[in-house]
1. Taking a 30 Å limit on the Cα-Cα distance, which of the listed pairs 62/151; 54/151; 29/152; 62/152 fall beyond it?
2. Among the aspartates and glutamates, select those whose C-alpha is under 16 Å from the C-alpha of residue 26, and discard any that sit fewer than 8 residues away in the same chain.
3. I need the shape label for segment 25-165. Rule: rounded when a/c is under 1.5, else prolate if a/b > b/c, else oblate, with a, b, c from the alpha carbon gyration tensor.
4. Tilt of helix 2-20 relative to the longest C-alpha principal axis of the chain, in degrees (0 to 90, nearest 10)?
5. Any chance you could run the full-extension gain for residue 129 through residue 150? It's 0.36 nm times the residue separation minus the Cα-Cα distance, nm to one decimal.
6. Just want the ordering: 134, 112, from fewest to most Cβ atoms lying within 10 Å of their own Cβ.
Amino acid sequence: MKQKMNWILLAATCFTLHSCSGGFSKGVKKDLTTGLSASYNGFALEDIYLTDAKETKLSDNKISLGTPLAIVATGVENFVEREGKVFPGCTIVLTDKAGKEVINLPDAFAEMTAGTTLAESNVLQASLNTGSPMVVGETYHLKVRFFDKNKKESEIVSNVDLLMKE
């Protein structure tokens, strides 16, 4: 009986270790200073944040019209690798306060047809240049979805409202 109990404990331990180390991650992150929120499923994610053109983390969501910004995801892991390459995708959608699309890029990484290395995919960046038809004083909603082209259910979805200033 004791030997049977040991086998059950060993099997339960192996199952738990396999479940926890399966390279699968799911969670939510929120940057309280900018309002950027992100959910991730299938990827590991260390951090996600807004930056300016100099790659400095932003401390709020007020953006000067005409300046570039980016959403940067770091510590991204668990891409499906094929022949030494991974194939990240990136959807960028910007809407105005009425929900009308200003920008819709189904895959900002579409030109990356040869893929990239696993090490290079550790940091993903979605860039946006602000300007016309955006208007000073208006708020816009930016949604960025990073995904694995080899396993599309693996994704990082981020959302932030941006207030355009002069």
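1. Listed pairs above 30 Å: 62/151; 54/151; 62/152.
2. List returned: 46, 47, 77, 148, 153, 155.
3. prolate
4. 20
5. Gain on extension, residue 129 to residue 150, equals 4.7 nm.
6. Listing 134, 112 from fewest to most nearby Cβ atoms yields 112, 134.
None of the figures in this text is laboratory data; all of them are computed from the coordinates on show. Computed from a prediction, not measured in an experiment: that's the story for all the values here. Virtual Cβ from ideal backbone geometry, glycine too; neighbours counted across all protein chains shown.
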